[in-house]
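Worksheet for the structure shown next.
A short reminder: the numbers here are calculations on the coordinates, not readings from a lab. These numbers come from a predicted model, not from an experiment. All Cβ positions, even for glycine, are placed from backbone atoms using ideal geometry, and neighbour counts span all protein chains on display.
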Amino acid sequence: MARRREYLLAPANRAFITFTIVVAFILNVLPWGRMTGTPDFLALTLVFWNVRQPRMVGIGIAFLFGLLMDVHDAALLGEHALIYSLLSYGAISLHRRIPWFGMPAQMAHVLPLLFAGQVVALVLRMALGGGFPGWLYFLPSVTGTLLWPIAEWLLLAPQRVAVEHDENRPL
């Protein structure tokens, strides 16, 4: 009788977490990052690690990378830092809840987080005199949420350890 593979998660490697956050930052600063609908890879990665490893990746890391994004985008200094800090706070608040759910329910938790981050950015820009950019402005939240299963699969891959069952032992 064929069994479905079961996995345990090994402890997360700090070097791998750092690598993934830096890669997400690089993906954000590439020129195609300004295209309509392109998700905020750094926000998605920070939310993922805040849910999975809140003691290793906290609000301070999110704030630091937010400042780096502000410098890159020549945005209002502190805009991304505020958004990423709020996203991290929300993700850390839900870190015990989200992993218990299946993938559709996890995505239902991630979408409001990413959407709230975009709403904060929009409110800040409009408070400083900017206009409403249109409803396509919120498309990155949707595409980021759709990437959640891929992000989970990729970012947890190094931690997965297959569980071998001994056929002679009763479960």
(message) Here are labelled values, (i) -0.60, -0.74; (ii) -0.43, -0.61; (iii) -0.49, -0.65, and one is the computed log10 I(q)/I(0) by the Debye sum over Cα atoms at q = 0.11, 0.13 Å⁻¹ for what I pasted. Which one?
(response) (iii)
(message) Could you work out how much longer the chain between L122 and I26 gets when fully extended? Use 0.36 nm per residue separation minus the Cα distance between them, nm to one decimal.
(response) 32.2 nm
(message) How high is the relative contact order of the chain? Use alpha-carbon pairs under 8 Å, at least six apart in sequence, and give a whole percent.
(response) 31 percent
(request) Show the residues, 5+ positions off or on another chain, whose built amide H is closer than 5 Å to the amide H of R160. (result) A10
(request) Count neighbours as other Cβ atoms within 10 Å of each site's Cβ, and list the trypsin sites (Lys or Arg not before Pro) in region 64-171 that are DSSP loop with at most 14 such neighbours. (result) R96, R97
(request) Determine, from the Cβ-Cβ distance of T38 and L8 and an R0 of 30 Å, the FRET efficiency 1/(1 + (r/R0)^6), rounded to the nearest 0.05. (result) 0.30
